[in-house]
1. Once you wrap a convex hull around the alpha carbon atoms of the range 86-151, what is its projected area averaged over all directions, in nm²?
2. Using only DSSP helix segments of four residues or longer, with each worth -39500 (n - 2.57), what per-residue ellipticity at 222 nm results for the chain after dividing by its residue count and rounding to 500?
3. Determine, at each q value in 0.26 (inverse angstroms), the log₁₀ of I(q)/I(0) that the Debye formula gives when each Cα of the range 1-74 is one equal point scatterer.
4. Taking the Cβ of each residue in ILE40, ILE159, ILE102, ILE13 as the centre, tally the other Cβ atoms inside 10 Å and list the residues starting with the fewest.
5. What value in Å³ per residue do you get for the convex hull of the alpha-carbon atoms in the range 3-158?
6. Rounded to a whole number of µm²/s, how large is the Stokes-Einstein D of the range 99-189 at 20 °C and 1.002 mPa s, given Rh as the Kirkwood radius over C-alpha pairs?
7. When only Cα pairs under 8 Å and 6 or more residues apart are kept, what is the percent relative contact order across the range 93-189?
8. Taking the Cβ-Cβ separation of GLU89 and SER5 as r and a Förster radius of 30 Å, what is the calculated FRET efficiency to the nearest 0.05?
Amino acid sequence: MFRASFSPTSDNIIFTSGSGHIKFWKMAETFTGLKLQGEIAKFGKLELSDVYAFYELPDGKVISGTDQGTLILWDGVQVKAHLVLDYDEKTGVKKPLHDGAIEVILFENNEFITAGRDGFIKWWSLQAIDNAEADEVSEVCIQPLNEVAIRTPDGQTAIIYNMVRGKGFWLVQDGRGHLFKVDCEDYQQ
């Protein structure tokens, strides 16, 4: 298991994710007491993916990152939409949101913030994600509101593994051994 968290809206819902899965847990009343009951998400036609980051939307849907750099919008345990930058219906070629795994998903000021191993922090519209509706093809194209690349002192692209919010800044953990302090106000819309 990579991550576990309670729902921001209910103490009776827990999410876990890891190698090839995301699982949705609910506390259930049984004749022997309270028990956790979990349902594993169904990737369907999408490629199975490790899930490093996820977040519950205000309406109960969940978004999760993939190791291919895309986002999946879940409605219950079913895929509602596969979010990409671009999709060519003729060739089936998808352009991911990030080049590599999405390690961080945050929610601030009605925007989602993703960060990943490609060293980019990107902002996305809550409305664009929440309203993503797939037809017979599950890919839905969205565009970032803003993006910034984090670079190490020697100019290499950072490998972002985590971001923690401070008062007016983020601490960004880099897989190359650096810790960056990024001013939040510089990147607000």
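Throughout, read-outs are computed from the coordinates displayed, never taken from laboratory work. Quick caveat: nothing in here was measured; it's all calculated off a predicted structure. Backbone-built Cβ (ideal geometry, glycine too); neighbour counts: all protein chains shown.
1. On the way: hull surface 19.9 nm².
Its average projected convex-hull area is 5.0 nm².
2. Result for the chain: -500 deg cm²/dmol, rounded to the nearest 500.
3. Calculated log10 I(q)/I(0) at the listed q: -1.24.
4. ILE40, ILE13, ILE159, ILE102
5. Measuring per residue, one finds 129 Å³ for the Cα hull of the range 3-158.
6. Reported coefficient: 153 µm²/s.
7. Details: 169 pairs, mean separation 19.4, N = 97.
The normalised contact order for the range 93-189 reaches 20 percent.
8. Efficiency, rounded to the nearest 0.05: 0.25.
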